[in-house]
Amino acid sequence: MNYTARIYKDGDAYSVEFPDLDGCFTQGNTLEEALANAKEAMELTLEDVFDGCPLPECKTKANEEKGFYRIDVDPELAARFLKSTTPRPNTPTSQEKCYKNALLQRIRYFYSKNTKQN
């Protein structure tokens, strides 16, 4: 299991975003650091946002020459997701509902973190 990260130079650093994982992004001072941070950010997003929900399909093709890198999910984590996302008939929980709830949690977290600093 893998997802594709778009990595591009942004000033003095490298920015990373995942086209198939909304809201998943990070950065690094070097390309190597950006790649390592990409793996960590991707796996944290999968654990936080999609825990118990169907995972989105990776539709973006890797092409390192154009800045699109394949990032592999840790095999143990992938196995856990494959087990927990087996389709259950007539379940009201959809991927969209799970994603919205997790997104709201992230917004609340970052809002509370930023308002404490001001």
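Taken together, the values in this text are just the output of simple stated rules run on the coordinates, not laboratory data. What you see is a predicted model; the values in this text were computed from it and never measured. Positions of Cβ are backbone-derived with ideal geometry, glycine not excepted, and every protein chain shown enters the neighbour counts.
Extension gain for K59-D72 works out to 3.2 nm (0.36 nm per residue, less the C-alpha to C-alpha distance). Computed packing ranks the peptides 41-47, 8-14, 26-32 as 41-47, 26-32, 8-14, most packed first, by mean other Cβ atoms within 10 Å. Only aspartates and glutamates eight or more places from K9 in sequence, or on another chain, were considered; those with a Cα closer than 14 Å are E17, E32, E33, E64, E65.
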